[in-house]
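The values are calculated or read from the model by the stated rules, or taken from the named source; none is laboratory data. All figures in this text were calculated on a predicted structure; none of them were measured in a lab. Don't worry about glycine lacking a Cβ; one is built from the backbone with ideal geometry, like all the others, and counts go over all protein chains shown. What goes into the accessible areas is simple: the full protein's heavy atoms, side chains included, and nothing from ligands, DNA or RNA. Shrake-Rupley method; radii C 1.70, N 1.55, O 1.52, S 1.80 Å.
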Amino acid sequence: MEKKKASDFRYNTGETKVPWAAVGENYNAEDLMTIIRFMMKGKGADYDKAIEAVEKDIYALDKVAVPPAKLSLDVEVAKAENMCDEYLHTKGSTFLTNCTAGFEIACKYTGLKPGDEVIVPAITFAATMAYPLSIGCKLVFADVDPITLNMDPKDVARKITDKTKMIIPVHIGGYPVDMDPILELAKKHDIVVLEDAAHAFGGEYKHRKLGTIGDFGSFSFHEVKNITSFGEGGILCSNVTEFLPEMRRARFLGTDFTKHIKDWLYEVTSIQGKRGPFVATNFSTTEIQGLGLQLQIARNDQIMKARRDAAAYLNSRLEGCNALRVQDLGNDDIVPTFHLYQLQIDPEKAGGDVQLFKKKIGDKGVTQIAHFGPLYRFAILKDYGYDEDAIAATCPVCEEVFYRRFTHFPIYGLTKEQLDYMADSILEAVDEMKRGV
Ligand SMILES: *Cc1c(COP(=O)(O)O)cnc(C)c1O
């Protein structure tokens, strides 16, 4: 079989007698069939027949097609970024391996050093704190609002010291944090605001897209978020005008790999941060991820609407129960993404707290999301000398709501029957609790 040429190879060298493609391997038709079998699983005679037909076509296609010139950081990544910029009304948003990588770049820009204080909300996922913790920053835990479960700006104000260098509001479950008072505090004390917008792509606060309000905002496209780029991915946005032209260099070793590199020896340089230069490592994404993100951004509004409809329907089923507080649907100023459906129970009226409720619901086969708990309880913090009970004493609302009141449910892509089953189970659980059975 004649060896095919990759159209032009990866470093834009144009047509050559000995191709640059000689440095690496591409994917062939057989590999693609493996990928199709992975993405579209099945068994049985009908499946085998359908797969066989595809296989025949893929091999026929292979005879006339050439592989892509590049697999990493090229036009598809750039298109995904342009779509993000259009959707979010940003400039220079940068597609990264994941959301946590975005946190790392924002922290490096800020010039965080050991001993600097970083304020995080008491309720979030471990990823929010991982990078600052890894470089020896002191995490300070802000208590949460009892209804939204988001960082309470009033407690942030109480916990700012002259060592505070960063605040990380998390739009938990896609419900917008009250950003204005946080921005005001940050401005007054020269603190960098990094929005953890992992759940928040498409949500809005006072007509601004979440993740585009603070100095930085990082989104996640991990497979369990509202949209994904083939399982992993993140977008970092920034409002720091002097950093924006540098952001893509911060993704790949100080070099903007989306542009033609003339001289490697001279184009790998440090990045200018807020307090001095820093070294960029590598968070590059693939063209396949770029394509995956484009496809899903295009349907994000539809996805958000479906989620909102599901939340509104559950609310309509549950609102009549006096022991339940349902998910807030927002208003003109507050547009949640409905990443998670938050439900609170009133322990006094229900005759029991959320622990009992969660057990009953679990027994009925209704999934709940368990990994958004008090951040200061994560075991890793003990290794770094944090005293969880001492911190808990500074976050009384978090303790009350987490242990006694709230739980999160997944709500996307469920049928009406499944939503009804959820609602029925929730109502039955509360009824059983009230009757003490
Ligand atoms: C998923 C998640 C992250 C991390 O996102 P990755 O893309 O996996 O790095 C950060 N914060 C919160 C609140 C998350 O749920």
Counted residues, segment 282-316 - those being of a type outside the set (Gly, Ala, Ser), open to solvent by 60 Å² or more (accessible area, probe 1.4 Å) and part of a loop (DSSP other than H, G, I, E, B): 1
Residue list for segment 320-368, filter: touching a strand residue (DSSP E or B) at 6+ places or on another chain (Cβ under 6 Å) and either small (Gly, Ala, Ser) or open to solvent by 40 Å² or more (accessible area, probe 1.4 Å) (or both): Ala323, Arg325, Val335, Lys358, Gln368
Which listed residue is without any contact (Cβ under 8 Å) to a residue 60 or more places away in the chain, closer than 30 Å to Phe230 by Cα and within 15 Å of the ligand (Cβ to nearest atom), from Pro169, Pro121: Pro169
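Look through segment 386-437, keep the residues that are among the β-branched types (Val, Ile, Thr) and out of contact with any Phe, Trp or Tyr (no Cβ under 8 Å at 6 or more places or on another chain), and return whichever of them is farthest from Gly352 (Cα to Cα).
Keep residues of segment 386-437 that are among the β-branched types (Val, Ile, Thr), which gives 391, 394, 397, 401, 407, 411, 415, 426, 430, 437.
Within this subset, residues satisfying the condition of being out of contact with any Phe, Trp or Tyr (no Cβ under 8 Å at 6 or more places or on another chain) are 397, 401, 415, 426, 437.
Numbers: Val397: 18, Val401: 13, Thr415: 30, Ile426: 14, Val437: 11 Å.
Taking the candidates together, the pick is Thr415.
Residue-by-condition table, conditions (1) out of contact with any Ser or Thr (no Cβ under 9 Å at 6 or more places or on another chain); (2) within 16 Å of the ligand (Cβ to nearest atom):
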{"site": "His189", "(1), (2)": "no, no"}
{"site": "Lys206", "(1), (2)": "yes, no"}
{"site": "Asp215", "(1), (2)": "no, no"}
{"site": "Phe221", "(1), (2)": "no, yes"}
{"site": "Gly231", "(1), (2)": "yes, yes"}
{"site": "Arg248", "(1), (2)": "no, no"}
{"site": "Lys262", "(1), (2)": "yes, no"}
Members of segment 250-274 that are open to solvent by less than 70 Å² (accessible area, probe 1.4 Å), at pLDDT below 80 and farther than 19 Å from Thr285 by Cβ: Asp263, Glu267
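State which residue is nearest to Ile288 (Cα to Cα) when the search covers only segment 36-65 and only residues that are hydrophobic (A, V, I, L, M, F, W, C) and open to solvent by 90 Å² or more (accessible area, probe 1.4 Å). Reasoning before the result, please.
Applying the first criterion (hydrophobic (A, V, I, L, M, F, W, C)) to segment 36-65 yields 36, 38-40, 45, 50-51, 53-54, 58, 60-61, 64-65.
Subsequent filtering for residues that are open to solvent by 90 Å² or more (accessible area, probe 1.4 Å) retains 38-40, 61, 64.
On the way: Phe38: 15, Met39: 13, Met40: 17, Leu61: 19, Val64: 21 Å.
The residue in question is Met39.
Could you grab me the full set of residues in segment 127-138 that are open to solvent by less than 30 Å² (accessible area, probe 1.4 Å) and within 14 Å of the ligand (Cβ to nearest atom)? First the steps, then the outcome.
Taking segment 127-138 and keeping what is open to solvent by less than 30 Å² (accessible area, probe 1.4 Å), we get 127-129, 132-133, 137.
Passing the criteria: Ala127, Thr128, Met129, Pro132, Leu133.
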Checklist (1) within 17 Å of the chain's Cα centre (by Cα); (2) hydroxyl-bearing (Ser, Thr, Tyr); (3) more than 22 Å from Ala101 (Cα to Cα) applied to Thr128, failing item: (3)
Residue check, Gly233 open to solvent by less than 10 Å² (accessible area, probe 1.4 Å), touching a strand residue (DSSP E or B) at 6+ places or on another chain (Cβ under 7 Å) and on the phi < 0 side of the Ramachandran plot: no
Residue in segment 101-114 that is modelled with pLDDT of 95 or more, assigned to a strand (DSSP E or B), within 10 Å of the ligand (Cβ to nearest atom) and surrounded by 24 or more Cβ atoms within 10 Å (Cβ to Cβ) present: no
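For segment 35-69, which residues satisfy the criterion of being touching a residue at least 12 places away in the same chain (Cβ under 8 Å) and of a type in the set (Asp, Glu)?
Of everything in segment 35-69, those that are touching a residue at least 12 places away in the same chain (Cβ under 8 Å) and of a type in the set (Asp, Glu) turn out to be Glu55, Asp62.
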